[in-house]
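A.B. asks: Here you go, one structure.
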Amino acid sequence: MSGTAGTAYDIDGLHLEQAGQDGPLLVCLHGIGSSSAAFAPQLDGLSARVRVLAWDAPGYGRSADPRGPLDLDGFADTAAALIRRHAGEGGRAHLLGVSWGGVVALKAAVRHPALVASLVVADSSRGSGTDPRKAADMRARVAELAELGPRAFAEKRGPRLVSPEAPAALVRRVTDTMADAVRLPGYGYAAESMAATDLGPFLPAVTAPALVLCGDRDQVTGVEASQSLAGPLHKSAYVIVKGAGHLANQEQPEAFNAWVLSHLSITDRIPE
(Lines give C-alpha, C1' and ligand atoms only; values in the text may rest on other atoms or scores of the structure.)
Protein backbone atom coordinates (compact mmCIF):
# COMPACT_ATOMS: atom_id res chain seq x y z
CA MET A 1 0.00 0.00 0.00
CA SER A 2 1.35 3.41 -0.94
CA GLY A 3 1.53 6.32 1.47
CA THR A 4 3.07 7.07 4.83
CA ALA A 5 4.21 4.12 6.91
CA GLY A 6 2.03 3.40 9.89
CA THR A 7 -1.25 4.55 8.37
CA ALA A 8 -3.73 2.98 5.98
CA TYR A 9 -4.23 6.32 4.19
CA ASP A 10 -1.89 8.14 1.81
CA ILE A 11 -1.67 11.68 3.19
CA ASP A 12 -0.77 12.97 -0.26
CA GLY A 13 -4.51 12.64 -0.86
CA LEU A 14 -5.46 15.08 1.90
CA HIS A 15 -6.80 18.52 1.09
CA LEU A 16 -5.39 21.06 3.54
CA GLU A 17 -6.05 24.70 4.32
CA GLN A 18 -3.10 26.55 5.84
CA ALA A 19 -2.41 30.02 7.23
CA GLY A 20 0.38 31.64 9.21
CA GLN A 21 4.15 31.62 8.92
CA ASP A 22 5.37 31.81 12.52
CA GLY A 23 4.76 30.13 15.85
CA PRO A 24 3.84 26.58 16.78
CA LEU A 25 1.85 24.28 14.52
CA LEU A 26 -1.88 23.93 15.27
CA VAL A 27 -3.54 21.07 13.40
CA CYS A 28 -7.35 21.34 13.24
CA LEU A 29 -9.59 18.26 12.92
CA HIS A 30 -13.23 18.90 12.04
CA GLY A 31 -16.44 17.22 13.14
CA ILE A 32 -18.11 14.27 11.47
CA GLY A 33 -20.31 16.43 9.25
CA SER A 34 -17.82 19.07 8.24
CA SER A 35 -14.52 19.94 6.56
CA SER A 36 -11.60 22.33 6.76
CA ALA A 37 -14.07 25.13 5.99
CA ALA A 38 -15.25 24.85 9.59
CA PHE A 39 -11.98 26.42 10.73
CA ALA A 40 -12.14 29.61 8.65
CA PRO A 41 -12.40 31.67 11.88
CA GLN A 42 -9.28 30.00 13.28
CA LEU A 43 -7.30 30.23 10.03
CA ASP A 44 -8.09 33.94 9.98
CA GLY A 45 -8.01 34.76 13.68
CA LEU A 46 -5.01 32.74 14.92
CA SER A 47 -2.60 32.83 11.99
CA ALA A 48 -0.79 36.00 13.10
CA ARG A 49 0.69 34.01 16.00
CA VAL A 50 0.28 30.34 15.06
CA ARG A 51 0.76 28.18 11.97
CA VAL A 52 -2.75 26.83 11.42
CA LEU A 53 -3.41 23.73 9.33
CA ALA A 54 -6.89 22.25 8.81
CA TRP A 55 -7.68 19.03 6.96
CA ASP A 56 -10.53 17.63 5.00
CA ALA A 57 -10.48 14.21 6.71
CA PRO A 58 -9.92 11.12 4.54
CA GLY A 59 -12.98 10.66 2.34
CA TYR A 60 -14.33 14.16 3.03
CA GLY A 61 -14.58 17.30 0.94
CA ARG A 62 -11.65 17.59 -1.45
CA SER A 63 -9.63 14.77 0.13
CA ALA A 64 -9.28 11.43 -1.64
CA ASP A 65 -11.33 8.46 -0.54
CA PRO A 66 -9.54 5.83 1.57
CA ARG A 67 -8.61 2.65 -0.28
CA GLY A 68 -10.25 0.60 2.48
CA PRO A 69 -12.02 1.04 5.81
CA LEU A 70 -10.44 3.33 8.40
CA ASP A 71 -11.15 2.84 12.09
CA LEU A 72 -10.41 5.40 14.80
CA ASP A 73 -6.80 4.27 15.00
CA GLY A 74 -6.50 4.77 11.25
CA PHE A 75 -7.81 8.32 11.42
CA ALA A 76 -5.55 9.05 14.41
CA ASP A 77 -2.53 7.61 12.62
CA THR A 78 -3.30 9.74 9.58
CA ALA A 79 -3.34 12.85 11.78
CA ALA A 80 0.00 11.75 13.24
CA ALA A 81 1.47 11.33 9.75
CA LEU A 82 0.32 14.85 8.95
CA ILE A 83 2.16 16.17 12.01
CA ARG A 84 5.34 14.35 11.05
CA ARG A 85 5.29 15.90 7.60
CA HIS A 86 4.50 19.48 8.64
CA ALA A 87 6.24 19.75 12.01
CA GLY A 88 9.55 18.41 10.72
CA GLU A 89 11.88 15.84 12.24
CA GLY A 90 11.43 15.70 16.00
CA GLY A 91 8.67 18.31 15.81
CA ARG A 92 5.32 18.36 17.55
CA ALA A 93 1.96 20.00 16.99
CA HIS A 94 -0.98 21.15 19.03
CA LEU A 95 -4.19 19.35 18.01
CA LEU A 96 -7.53 21.15 17.92
CA GLY A 97 -10.44 18.77 17.46
CA VAL A 98 -14.14 19.61 17.26
CA SER A 99 -16.66 16.86 18.10
CA TRP A 100 -15.54 13.73 16.18
CA GLY A 101 -12.29 15.57 15.53
CA GLY A 102 -11.75 15.77 19.27
CA VAL A 103 -12.12 12.00 19.55
CA VAL A 104 -9.55 11.56 16.78
CA ALA A 105 -7.22 14.06 18.47
CA LEU A 106 -7.42 12.29 21.83
CA LYS A 107 -6.70 8.91 20.25
CA ALA A 108 -3.74 10.41 18.39
CA ALA A 109 -2.42 11.72 21.71
CA VAL A 110 -2.66 8.21 23.17
CA ARG A 111 -1.04 6.48 20.21
CA HIS A 112 1.56 9.14 19.37
CA PRO A 113 2.33 11.10 22.55
CA ALA A 114 5.70 12.34 21.29
CA LEU A 115 3.98 14.18 18.44
CA VAL A 116 1.26 15.97 20.42
CA ALA A 117 2.33 19.08 22.33
CA SER A 118 -1.16 19.77 23.65
CA LEU A 119 -4.85 19.33 22.91
CA VAL A 120 -7.83 21.63 22.42
CA VAL A 121 -10.96 19.46 22.49
CA ALA A 122 -14.20 21.29 21.68
CA ASP A 123 -17.79 20.05 22.04
CA SER A 124 -16.64 16.46 21.98
CA SER A 125 -17.28 13.20 23.81
CA ARG A 126 -15.77 9.84 24.67
CA GLY A 127 -17.37 8.39 21.53
CA SER A 128 -20.78 6.94 20.77
CA GLY A 129 -19.74 3.53 22.07
CA THR A 130 -20.49 4.68 25.61
CA ASP A 131 -24.18 3.90 25.02
CA PRO A 132 -25.78 1.25 22.77
CA ARG A 133 -28.52 3.65 21.68
CA LYS A 134 -26.03 6.34 20.71
CA ALA A 135 -23.96 3.77 18.81
CA ALA A 136 -27.04 2.57 16.92
CA ASP A 137 -28.07 6.14 16.10
CA MET A 138 -24.59 6.89 14.79
CA ARG A 139 -24.60 3.82 12.54
CA ALA A 140 -28.11 4.69 11.30
CA ARG A 141 -26.78 7.97 9.91
CA VAL A 142 -24.93 6.10 7.17
CA ALA A 143 -28.12 4.67 5.68
CA GLU A 144 -29.76 8.06 6.07
CA LEU A 145 -27.00 9.76 4.07
CA ALA A 146 -27.24 7.08 1.38
CA GLU A 147 -31.01 7.57 1.14
CA LEU A 148 -31.22 11.36 1.33
CA GLY A 149 -28.00 12.42 -0.37
CA PRO A 150 -25.60 15.04 1.02
CA ARG A 151 -27.75 18.15 0.49
CA ALA A 152 -30.96 16.88 2.11
CA PHE A 153 -28.92 15.18 4.83
CA ALA A 154 -27.23 18.49 5.61
CA GLU A 155 -30.47 20.48 5.51
CA LYS A 156 -31.87 18.12 8.14
CA ARG A 157 -28.86 18.08 10.46
CA GLY A 158 -27.05 21.37 9.98
CA PRO A 159 -29.35 23.71 11.95
CA ARG A 160 -28.97 21.64 15.13
CA LEU A 161 -25.22 22.27 15.19
CA VAL A 162 -25.62 25.87 16.32
CA SER A 163 -27.76 27.54 18.97
CA PRO A 164 -31.36 28.57 18.22
CA GLU A 165 -30.21 32.20 18.26
CA ALA A 166 -27.52 31.71 15.61
CA PRO A 167 -27.75 34.08 12.64
CA ALA A 168 -29.27 32.68 9.47
CA ALA A 169 -26.02 33.24 7.57
CA LEU A 170 -24.15 30.95 9.97
CA VAL A 171 -26.83 28.25 9.74
CA ARG A 172 -26.56 28.39 5.95
CA ARG A 173 -22.75 28.27 6.03
CA VAL A 174 -22.74 25.27 8.36
CA THR A 175 -25.32 23.47 6.22
CA ASP A 176 -23.48 24.22 3.00
CA THR A 177 -20.20 23.04 4.52
CA MET A 178 -21.79 19.72 5.44
CA ALA A 179 -23.44 19.28 2.04
CA ASP A 180 -20.12 19.88 0.30
CA ALA A 181 -18.12 17.67 2.67
CA VAL A 182 -19.95 14.42 3.39
CA ARG A 183 -20.10 11.38 1.14
CA LEU A 184 -19.75 7.64 1.34
CA PRO A 185 -17.67 5.70 2.14
CA GLY A 186 -15.70 8.28 4.18
CA TYR A 187 -18.63 9.37 6.32
CA GLY A 188 -19.50 5.73 6.97
CA TYR A 189 -15.98 4.97 8.19
CA ALA A 190 -16.08 7.99 10.48
CA ALA A 191 -19.50 7.07 11.85
CA GLU A 192 -18.37 3.51 12.59
CA SER A 193 -15.23 4.85 14.28
CA MET A 194 -17.48 6.82 16.64
CA ALA A 195 -20.01 4.02 17.16
CA ALA A 196 -17.25 1.56 18.12
CA THR A 197 -15.45 3.90 20.53
CA ASP A 198 -15.49 4.63 24.24
CA LEU A 199 -12.36 6.59 25.06
CA GLY A 200 -12.95 6.29 28.80
CA PRO A 201 -10.27 3.64 29.44
CA PHE A 202 -7.72 5.58 27.38
CA LEU A 203 -8.10 9.07 28.86
CA PRO A 204 -5.80 8.54 31.87
CA ALA A 205 -3.01 7.66 29.43
CA VAL A 206 -3.14 11.10 27.77
CA THR A 207 -0.05 13.02 28.86
CA ALA A 208 -0.53 16.18 26.79
CA PRO A 209 -2.09 19.19 28.55
CA ALA A 210 -5.65 19.72 27.34
CA LEU A 211 -8.12 22.55 27.07
CA VAL A 212 -11.69 21.22 26.94
CA LEU A 213 -14.35 23.65 25.71
CA CYS A 214 -18.09 23.34 25.22
CA GLY A 215 -20.79 25.72 24.06
CA ASP A 216 -23.42 26.26 26.72
CA ARG A 217 -26.14 25.71 24.09
CA ASP A 218 -24.67 22.51 22.66
CA GLN A 219 -27.64 20.27 21.77
CA VAL A 220 -25.58 17.50 20.15
CA THR A 221 -22.98 16.20 22.58
CA GLY A 222 -23.71 18.57 25.44
CA VAL A 223 -21.93 19.93 28.46
CA GLU A 224 -21.92 16.68 30.44
CA ALA A 225 -20.11 14.81 27.66
CA SER A 226 -17.36 17.43 27.64
CA GLN A 227 -17.12 17.32 31.41
CA SER A 228 -16.67 13.54 31.26
CA LEU A 229 -13.60 14.14 29.10
CA ALA A 230 -12.00 16.80 31.24
CA GLY A 231 -12.23 14.92 34.53
CA PRO A 232 -10.01 11.89 33.78
CA LEU A 233 -7.33 13.91 31.97
CA HIS A 234 -4.31 14.59 34.17
CA LYS A 235 -3.66 18.11 32.87
CA SER A 236 -6.88 19.75 31.78
CA ALA A 237 -8.80 23.00 31.96
CA TYR A 238 -12.53 23.13 31.27
CA VAL A 239 -14.27 26.15 29.75
CA ILE A 240 -17.90 26.93 28.89
CA VAL A 241 -18.32 29.13 25.82
CA LYS A 242 -21.36 31.33 26.37
CA GLY A 243 -23.89 31.77 23.58
CA ALA A 244 -22.62 28.88 21.49
CA GLY A 245 -24.07 25.63 20.28
CA HIS A 246 -22.19 22.53 19.16
CA LEU A 247 -19.92 24.49 16.82
CA ALA A 248 -18.56 26.92 19.38
CA ASN A 249 -15.50 27.69 17.26
CA GLN A 250 -17.77 29.07 14.52
CA GLU A 251 -20.58 30.61 16.55
CA GLN A 252 -18.40 32.48 19.06
CA PRO A 253 -15.03 32.63 17.27
CA GLU A 254 -13.56 35.60 19.16
CA ALA A 255 -14.10 34.02 22.58
CA PHE A 256 -13.04 30.60 21.29
CA ASN A 257 -9.85 31.94 19.72
CA ALA A 258 -8.99 33.89 22.86
CA TRP A 259 -9.15 30.70 24.92
CA VAL A 260 -7.00 28.84 22.39
CA LEU A 261 -4.36 31.59 22.45
CA SER A 262 -4.37 31.60 26.24
CA HIS A 263 -3.86 27.83 26.22
CA LEU A 264 -1.00 28.10 23.73
CA SER A 265 0.61 30.86 25.77
CA ILE A 266 0.77 28.46 28.69
CA THR A 267 1.82 25.34 26.81
CA ASP A 268 4.11 26.84 24.16
CA ARG A 269 5.86 29.99 23.07
CA ILE A 270 3.78 32.04 20.68
CA PRO A 271 4.91 35.32 19.14
CA GLU A 272 3.48 38.54 20.53
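The values are calculated or read from the model by the stated rules, or taken from the named source; none is laboratory data. Being a predicted model, the structure only gives us computed values, none of them experimental. Every residue, glycine among them, receives a Cβ derived from its backbone with ideal geometry; neighbour counts consider all protein chains shown. Note: areas computed on protein heavy atoms with side chains; ligands, DNA, RNA excluded. Shrake-Rupley method; radii C 1.70, N 1.55, O 1.52, S 1.80 Å.
A.B. asks: Among TYR238, TYR60, HIS30, whose Cα projects farthest towards the positive end of the dipole of the chain, with charges put on the beta-carbon of Lys, Arg (+1) and Asp, Glu (-1)?
C.D. replies: Ranked along the dipole, the leading option is TYR238.
A.B. asks: Could you give the dipole magnitude of the range 54-141 about its Cα centre, charging the beta-carbon of Lys and Arg +1 and that of Asp and Glu -1, in debye to the nearest 20?
C.D. replies: Magnitude of the dipole: close to 40 debye.
A.B. asks: On a straight-distance basis, which aspartates and glutamates could pair with LYS242 in a cross-link, Cα separation under 13 angstrom, same-chain partners fewer than 8 positions away excluded?
C.D. replies: Once the sequence-local aspartates and glutamates are set aside, what remains near LYS242 is ASP123, GLU165, ASP216, ASP218, GLU251, GLU254.
A.B. asks: Right, another one. Quick query: amide H of LEU29 versus all other amide H atoms, modeled in the peptide plane; which residues come in under 5 Å with a sequence gap of 5 or more or a different chain?
C.D. replies: LEU96, GLY97, VAL98
A.B. asks: With unit charges on the beta carbon (Lys/Arg positive, Asp/Glu negative), name the residue among LEU213, VAL174, ALA140 whose Cα is farthest towards the positive pole of the charge dipole of the range 106-220.
C.D. replies: Sorting the options by dipole projection puts first ALA140.
A.B. asks: Alpha carbon centre of the range 152-196 versus the range 50-73: separation in Å?
C.D. replies: One Cα centre to the other: 16 Å.
A.B. asks: Still on this structure, I have one more. Spin-label point model (7 Å from Cα, Cβ direction): what's the ARG160 to ALA136 distance in nm?
C.D. replies: 1.6
A.B. asks: Now for a different question. Taking K and R as +1 and D and E as -1, what net charge do the other residues with C-beta under 15 Å from the C-beta of ALA205 add up to?
C.D. replies: Local net charge: +2.
A.B. asks: Kindly sort THR267, THR197 by accessible area of their heavy atoms, largest first, with the probe set to 1.4 Å.
C.D. replies: Result, largest first: THR267, THR197.
A.B. asks: Still on this structure, please answer the following. Using only Cα atoms, locate the centre of the range 92-120 and the centre of the range 212-272, then give the distance between them in Å, rounded to an integer.
C.D. replies: 14
A.B. asks: How far apart, in nanometres, would the label points at GLN219 and ALA196 be if each is projected 7 angstrom from Cα along the Cα-to-Cβ direction?
C.D. replies: About 3.2 nm, to one decimal.
A.B. asks: On to the next question. Contact order normalised by length for the chain, with contacts defined as Cα pairs under 8 Å and 6 or more residues apart; what percent is it?
C.D. replies: Normalised by residue count, the contact order of the chain is 21 percent.
A.B. asks: Please identify the longest segment of the chain free of exposed trypsin sites (Lys or Arg not before Pro), where exposed means a DSSP state other than H, G, I, E or B and no more than 12 other Cβ atoms within 10 Å.
C.D. replies: With trypsin sites (Lys or Arg not before Pro) excluded where exposed in loops, the chain gives 1-241 as its longest stretch.
A.B. asks: Ok, one more. Please work out how much length the chain gains when fully extended from ARG183 to ARG62, using 0.36 nm per residue of separation minus the C-alpha to C-alpha distance, in nm with one decimal.
C.D. replies: 42.5 nm
A.B. asks: What is the sum of charges around VAL174, taking Lys and Arg as +1, Asp and Glu as -1, for the other residues whose C-beta is under 12 Å from the C-beta of VAL174?
C.D. replies: It works out to a net charge of 0.
A.B. asks: Given charges of +1 on the Cβ of Lys and Arg and -1 on the Cβ of Asp and Glu, with all other atoms neutral, how large is the dipole of the chain about its Cα centre, in debye to the nearest 20?
C.D. replies: 160
A.B. asks: Using Cα pairs closer than 8 Å and at least 6 residues apart in sequence, work out the relative contact order for the range 129-181, in percent.
C.D. replies: This gives 38 percent for the range 129-181.
A.B. asks: By its C-alpha gyration tensor, with a ≥ b ≥ c as the square roots of the eigenvalues, how is the chain shaped: rounded for a/c under 1.5, else prolate for a/b larger than b/c, else oblate?
C.D. replies: Rounded, since a/c falls under 1.5.
A.B. asks: Report the accessible area of SER193, computed with a 1.4 Å probe over the heavy atoms of all protein chains in place, in Å² rounded to the nearest 10.
C.D. replies: Its accessible surface works out to 10 Å², give or take rounding.
A.B. asks: Suppose every Lys and Arg Cβ carries +1 and every Asp and Glu Cβ carries -1, with no other charges. What dipole size does the range 128-204 come out with about its Cα centre, to the nearest 20 debye?
C.D. replies: 120
A.B. asks: List the lysines whose alpha-carbon lies under 18 Å from that of LYS235, not counting same-chain residues fewer than 8 positions away?
C.D. replies: LYS107
A.B. asks: Where does the chain land at 222 nm, in deg cm²/dmol rounded to the nearest 500, when only DSSP H runs of n ≥ 4 count, each adding -39500 (n - 2.57), divided by all residues?
C.D. replies: -12000 deg cm²/dmol
A.B. asks: Okay, moving on. Among GLN21, PRO159, VAL104, whose Cα lies farthest out toward the positive end of the dipole of the chain, if unit charges sit on the beta carbon of Lys, Arg (+1) and Asp, Glu (-1)?
C.D. replies: Toward the positive end, the furthest listed residue is VAL104.
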